[in-house]
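Q: Questions regarding the structure given below will be posed in turn.
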Amino acid sequence: MITVFSGGTGTPKLLQGIKEIVDPRELTIIVNTLENNYFSGVYVSADVDTVLYTMADMINDETWYGVKGDTFVTNERLGELGCPELLRIGDIDRATKIQKTQLMERYGLSKAIEIQSKNMGIKSKIIPMSDEQSDIKIITDIGELEFHDFLIKHQSEPEVLDINFSNVSPSDGIIDAIKNSEAVIIGPSNPITSILPILSLKGVKEALNETYVVAVSPIIGSDSVSGPASKFMKALNIDVSSVGVASLYEDFLDNIVIDNEDSDKEQQLKQIINKVTITNTIMNNLGVKKNLAQTIIDSIP
Ligand code: GDP
């Protein structure tokens, strides 16, 4: 069994490679739920849906949000009715979210996702990090903002001073999945708002200490490939580099995978992490995604 920790952009790209070379039944994906909330009357679990659509080969992999080729009839009508949506939800995507909301309210989020995975023909196990509702606030120079207000309404532009999020309990099966895995892959996701929430769950770090853990850096050079990760790291006084990423995971990390562009950081990284793997990590086509996945799998002792 291989377990992957995922957010909603960088790691799903890697999952497209992993699913080509690993038996999907041998894969468990633990997904961030920190930013989950209700929007337009439906529950939005954006990172989970991105992972579902990725594993079902439906993802819009230009935006890493929603379903490829989706239509926006409902979204447009809501706008005409004077009810514009903060999150632009496509029609097929909305159907998934309507079903998930109903299932979640009846059975809880984990079970809802299990049912949806099965309905979508997904063989891997997809587990939300928690069944509890999180609370996240981005503290900025213009005040305290909800995550999606910061990201979408304000286009990640305000200066970030701090990030506060509540602790939640791990959903059932997470600790066992980690302990029963031959390796845990921490994908190249936002270390602050996608990976730290998973690492903060009770028992996760202890379980990782007993498992081989390999992480791919989402930071190349001194910036993130996309999204606000570098802004969030700066706000928390973490060096915006693969070294800064490694410092967050150093207590349990066995191998850090960095981009060719960062080969000058190898010696510095070797002082804190046992193994440093240098390869192309810019996943702009399936070949790179598969090669990166293969390099990671080959590194498992
Ligand atoms: P979010 O939930 O949409 O914020 O997405 P994630 O947390 O999964 O991913 C965001 C991170 O993915 C950013 O920090 C990016 O730097 C990283 N990322 C995106 N594409 C790539 C890529 O091709 N290579 C690497 N190394 N990182 C990437």
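The values are calculated or read from the model by the stated rules, or taken from the named source; none is laboratory data. Everything quoted here is computed from the prediction, not taken from an experiment. FYI the Cβ positions are ideal-geometry reconstructions off the backbone, even for glycines, and counts take in every protein chain you see. Just the protein is used for accessible areas: all its heavy atoms, side chains included, with ligands, DNA and RNA removed. Shrake-Rupley method; radii C 1.70, N 1.55, O 1.52, S 1.80 Å.
Q: Return the residues of segment 129-179 that are among the polar types (S, T, N, Q) and without any contact (Cβ under 8 Å) to a residue 24 or more places away in the chain; say none if nothing qualifies. Give the derivation first.
A: Narrowing segment 129-179 to residues among the polar types (S, T, N, Q): 130, 133-134, 140, 155-156, 164, 166-167, 169, 171.
Matches in segment 129-179: THR140, GLN155.
Q: Inside segment 242-261, can you point out the residues that are assigned to a strand (DSSP E or B) and within 11 Å of the ligand (Cβ to nearest atom)?
A: Taking segment 242-261 first, the residues assigned to a strand (DSSP E or B) are 255-259.
Scanning segment 242-261 gives VAL257, ILE258, ASP259.
Q: Are any residues in segment 3-52 open to solvent by less than 10 Å² (accessible area, probe 1.4 Å), hydrophobic (A, V, I, L, M, F, W, C) and more than 28 Å from GLN102 (Cα to Cα), and if so, which ones?
A: Selection gives LEU14, ILE18.
Q: Quick check on my filter: what residues within segment 203-221 are free of Cβ contacts under 8 Å to residues at least 60 places away in the same chain, within 16 Å of the ligand (Cβ to nearest atom) and not in a loop (DSSP other than H, G, I, E, B)?
A: ALA215, ILE219
Q: Specify the residue that is farthest from ILE258 (Cα to Cα); the eligible residues are those in segment 276-291 that are touching a Leu at 6+ places or on another chain (Cβ under 8 Å) and part of a loop (DSSP other than H, G, I, E, B). Walk me through it before giving the result.
A: We begin by selecting, within segment 276-291, every residue touching a Leu at 6+ places or on another chain (Cβ under 8 Å); these are 276, 279-281, 283, 289.
With the extra rule that they be part of a loop (DSSP other than H, G, I, E, B), the set shrinks to 280-281, 283.
On the way: ASN280: 8, THR281: 7, MET283: 12 Å.
The selected residue is MET283.
Q: Out of (1) within 29 Å of GLN294 (Cα to Cα); (2) surrounded by 20 or more Cβ atoms within 10 Å (Cβ to Cβ), the odd one out for GLY173 is which?
A: Failing condition for GLY173: (2).
Q: Among the numbered criteria (1) at pLDDT below 95; (2) polar (S, T, N, Q); (3) in contact with a strand residue (DSSP E or B) (Cβ under 8 Å, 6 or more places away or on another chain), which single criterion is violated by SER181?
A: (1)
Q: Looking only at segment 98-131, count how many residues are open to solvent by less than 90 Å² (accessible area, probe 1.4 Å) and farther than 16 Å from THR33 by Cβ. Give the steps one after another, and end with the answer.
A: Step one: of segment 98-131, the residues open to solvent by less than 90 Å² (accessible area, probe 1.4 Å) are 98-101, 103-104, 108-113, 115-117, 120-122, 124, 126-131.
Those still in the list that are farther than 16 Å from THR33 by Cβ too: 98-99, 115, 120-122, 124.
Qualifying residue count for the region: 7.
Q: Considering every residue within segment 222-241, establish whether at least one is open to solvent by less than 10 Å² (accessible area, probe 1.4 Å), β-branched (Val, Ile, Thr) and within 9 Å of the ligand (Cβ to nearest atom). Spell out the reasoning first.
A: Step one: filter segment 222-241 for residues open to solvent by less than 10 Å² (accessible area, probe 1.4 Å), giving 229, 232-233, 241.
Retained after the next criterion (residues that are β-branched (Val, Ile, Thr)): none.
No: zero hits.
Q: While we're here: Whether any residue in segment 159-167 is over 16 Å from GLU132 (Cα atoms), more than 13 Å from the ligand (Cβ to nearest atom), modelled with pLDDT of 95 or more and in a loop (DSSP other than H, G, I, E, B) is what I want to check.
A: yes
Q: Please return the ranges of helices (runs of 4 or more DSSP H) entirely within segment 1-112 where 3 or more residues are without any contact (Cβ under 8 Å) to a residue 40 or more places away in the chain and farther than 23 Å from ALA229 by Cβ.
A: Numbers: elements: 10-21, 46-55, 73-80, 91-107.
In segment 1-112, the matching helices (runs of 4 or more DSSP H) lie at 73-80, 91-107.
Q: Let me ask another. Take ASN255 and tell me if it is open to solvent by less than 40 Å² (accessible area, probe 1.4 Å) and either of a type in the set (Val, Ile, Thr) or touching a Pro at 6+ places or on another chain (Cβ under 9 Å) (or both). Please lay out each step first, then the result.
A: Numbers: open to solvent by less than 40 Å² (accessible area, probe 1.4 Å): yes; either of a type in the set (Val, Ile, Thr) or touching a Pro at 6+ places or on another chain (Cβ under 9 Å) (or both): no.
No.
Q: So, in segment 132-158, of the ones that are assigned to a loop (DSSP other than H, G, I, E, B) and among the polar types (S, T, N, Q), which residue ends up farthest from the chain's Cα centre (by Cα)? Steps first, please.
A: First pass over segment 132-158, keeping only residues assigned to a loop (DSSP other than H, G, I, E, B): 132-135, 141-142, 154-158.
Going one step further and asking which of them are among the polar types (S, T, N, Q), we end up with 133-134, 155-156.
Details: GLN133: 17, SER134: 15, GLN155: 19, SER156: 18 Å.
Once the filter is applied, the top-ranked residue is GLN155.
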